[in-house]
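Sending over a structure as structure tokens; questions will come in a sec.
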Amino acid sequence: MSVKLYIVILQYKYKTMGATKTDHFTESQNELAILAKALGHPARIAIMEYLLKVDACICGDIVNELPLSQPTVSQHLKELKNAGLIKGSIEGNSICYCINEPGLEKIKGFFEHISSHLAKKRNECC
């Protein structure tokens, strides 16, 4: 599922008085919020760290790396995939997962933007 489709689903899910909660924000802000929400659980952070460490597509080994049940790990993988942070492909009876670099680039760009502003304002704020 693409990030844009995920945004549409979220907009439909959270309708309020003819407008959705996300309508008041830019597409970029909504996309970043989805990415941040996907990273909002320590298990998902652990999955991302593991995939970055092995630097390859992983088929089924992720469950062995976490102190969680297989269904719970699958749910976390689904959230990361829906947000566009990882991608998965079916190989035989299993799904192989790896990092989706464009998703990480969006997060990286956001933090670089914040860092550049912090560097400029370091001595100008209370």
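Can you pick out the pairs among Lys37/Lys120; Lys78/Lys108; Lys78/Lys106; Lys21/Lys53; Lys53/Lys78; Lys53/Lys108 whose Cα atoms lie more than 25 Å from each other?
Where the Cα-Cα span goes over 25 Å, the pairs concerned are Lys37/Lys120; Lys21/Lys53.
Got a sec? How would Lys78, Lys120 order by Cβ neighbour count within 10 Å, fewest to most?
The order, fewest Cβ neighbours first, is Lys120, Lys78.
Percent relative contact order of the stretch 65-104, based on C-alpha pairs within less than 8 angstrom and at least six residues apart?
30 percent
Next question, about the same structure. In nm, give the distance between the simple-model label positions of Lys37 and Gln70, each being 7 Å from the Cα along the Cα-to-Cβ direction.
In this crude label model, Lys37 to Gln70 measures out at 2.9 nm.
Moving on to the next point. Under a point-charge model restricted to the Cβ atoms of Lys and Arg (+1) and Asp and Glu (-1), what is the dipole moment magnitude of the stretch 3-116 relative to its Cα centre, in debye to the nearest 20?
The dipole of the stretch 3-116 has a size of about 460 debye.
Can you order the peptides 104-113, 91-100 by their average number of other Cβ atoms within 10 Å per residue, highest first?
Averaged packing, sorted descending, gives the order 91-100, 104-113.
Here is a further query. Would you mind estimating how fast the stretch 3-116 diffuses translationally, via Stokes-Einstein at 10 °C and 1.306 mPa s with the Kirkwood radius over Cα pairs, in µm²/s?
Here the translational diffusion coefficient equals 104 µm²/s.
All of the numbers you see were taken from the coordinates with simple rules; none came from a lab. Keep in mind it's a predicted model, so treat the numbers as computed, not measured. Please note: Cβ atoms are built from the backbone with ideal geometry, for glycine as well, and neighbour counts cover all protein chains shown.
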